[in-house]
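Data first, discussion second: the structure below is written as structure tokens.
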Amino acid sequence: MDSILNSVILLTLLGVVAGLVLYVVSKKFHVHENPLIAQVEELLPGANCAGCGSPGCRSFAEKLVGSEDISDLFCPVGGNEVMKWVSEALGKEVAEKDPTVAVVRCQGSCEVRPKTSEYQGPRSCAISALIYSGETDCQYGCLGDGDCVAACSFDAMYMDEATGLPVVITDKCTSCGMCVTACPRDIIEMRPKNKRDLKVYVGCLNEEKGGLAKKACSVACIGCSKCIDACPKDAITIENNLAYIDPEYCTLCRKCVPVCPTHSIIETNFPPRKVKVAPAPDTAGSVTVKPQSDA
């Protein structure tokens with residue numbers, strides 16, 4: 001009986017000593033946290049999408065509070081409104097940014113980019129990109145396995161069964177960039193949303209020379225430079241046989257669109273082009289002169 005009592009007393013004393021040690025250690029090594037971190041975290045949307053470059057909203061709040069200059073820091077999900085709240089809470093200036101939206105720079109559907117092989121492995125773009133070039137002769141286009149759709153936390157993308165390509169729902173896109181990171185072919189780009197979501201861009205990333213590119217996909221860019229000649233603002237460049245329209249300089253005039261021989265330049269949400277009708281010949285007041293005979 002005495003041995004049991006002694007054991008209980010000993011264990012109790014050990015518990016008390018351990019508790020005191022933990023209390024002293026916690027006080028000695030206590031790290032004071034700036035209360036502004038929690039305040040800023042409350043202002044952030046809580047999406048934890050990593051679109052800001054930080055792994056989550058908590059770490060982004062810590063970066064905002066700890067940085068002297070936050071002009072280069074931006075929450076794409078919250079946008080300018082949330083960053084304005086953060087600016088007011090911290091007393092630091094932030095730079096406004098134009099809203100952007102994800103754009104799929106590939107229009108290689110089955111109709112224009114025929115399959116030349118069939119893949120039997122796991123349906124993942126990341127795995128497919130590592131072990132083979134794809135089911136078509138284009139080594140630059142969409143693999144069609146939907147890694148970007150799976151990465152989107154906002155249901156802003158889906159796979160079109162008819163084309164086999166991802167489609168972005170611009171009204172739901174928060175510009176977090178997760179789809180950009182998930183795509184192993186880098187075919188998704190963040191571009192300015194503009195008013196009414198008007199966009200003009202090259203829907204191709206094939207860097208092969210014209211003949212090979214068009215053989216693999218009938219709407220591939222062939223690097224013919226006709227779009228460059230048509231652009232009045234020098235917004236188009238060609239590198240590695242591929243045209244690129246810089247959104248910073250593009251004025252959305254669309255003069256490049258009709259001159260593209262392969263229709264690889266995409267225009268979205270514009271009203272239909274007006275068809276120019278040639279005026280009918282004016283015959284009013286015309287007089288028909290009959291030849292006079294010599295008789």
Fill in the blank from the handout: Charge dipole of the stretch 104-257 built from unit charges on the beta carbon (Lys, Arg +1; Asp, Glu -1), centred at mean Cα; most positive-end Cα among I127, T237, T174 is T237
Fill in the blank from the handout: Largest first and rounded to whole Å, the semi-axes √(5λ) derived from the alpha carbon gyration tensor of the stretch 35-90 read 14, 12, 11
Practice task
Report the trypsin sites (Lys or Arg not before Pro) located in the stretch 50-106 that are in a DSSP loop and have at most 10 other Cβ atoms inside 10 Å of their Cβ, or state none.
Solution key: none
Problem - At most 13 other Cβ within 10 Å, DSSP loop - trypsin sites (Lys or Arg not before Pro), the stretch 149-197 - result: K172
Practice task
Compare the Cα positions of V21, F154, I70 along the charge dipole of the chain (+1 at Cβ of Lys, Arg; -1 at Cβ of Asp, Glu; about the Cα centre) and return the one farthest towards the positive end.
Solution key: F154
Handout entry: Unsatisfied cross-links (Cα-Cα over 21 Å) in the set K97/K233; K172/K274; K115/K226; K63/K97; K97/K193; K193/K226
Key = K97/K233; K172/K274; K115/K226; K193/K226
Completion exercise
Stokes-Einstein D for the chain (20 °C, 1.002 mPa s, Kirkwood Rh from Cα pairs), in µm²/s, comes to 88
Exercise for the section: Could you go through the stretch 197-210 in sequence order and give the Karplus-derived ³J(HN,Hα) for each residue, using 6.51 cos²θ - 1.76 cosθ + 1.60 with θ = phi - 60°, rounded to whole Hz, and x for Gly and Pro? Expected result: 6, 7, 9, 9, 7, 8, x, 7, 10, 6, 9, 5, 5, x
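Can you give the FRET efficiency to the nearest 0.05 for L130 and E42, using r as the Cβ-Cβ distance and R₀ = 51 Å?
0.80
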Exercise for the section: Calculate, in nm to one decimal, what V8 and E239 gain on full extension: separation in residues at 0.36 nm each, minus their alpha carbon distance. Expected result: 75.2 nm
Completion exercise
Summing -39500 (n - 2.57) over every DSSP H run of at least 4 in the chain, dividing by its residue total and rounding to the nearest 500, the 222 nm mean residue ellipticity is -8500 deg cm²/dmol
Completion exercise
From fewest to most C-beta neighbours within 10 Å, the residues L143, L252 line up as L252, L143
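How big is the charge dipole of the chain about its Cα centre, in debye rounded to the nearest 20, if each Lys and Arg gets +1 on its Cβ and each Asp and Glu gets -1 on its Cβ?
760
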Practice task
Mind computing the radius of gyration and Dmax over the alpha-carbon atoms of the stretch 92-152? Å is fine for both.
Solution key: 16.2, 56
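We did not get these values from a lab; they are worked out from the coordinates using the rules stated. This is a predicted model, so every value here is computed, not measured. Note that we place each Cβ from the backbone using ideal geometry, even for glycine, and neighbour counts take in every protein chain shown.
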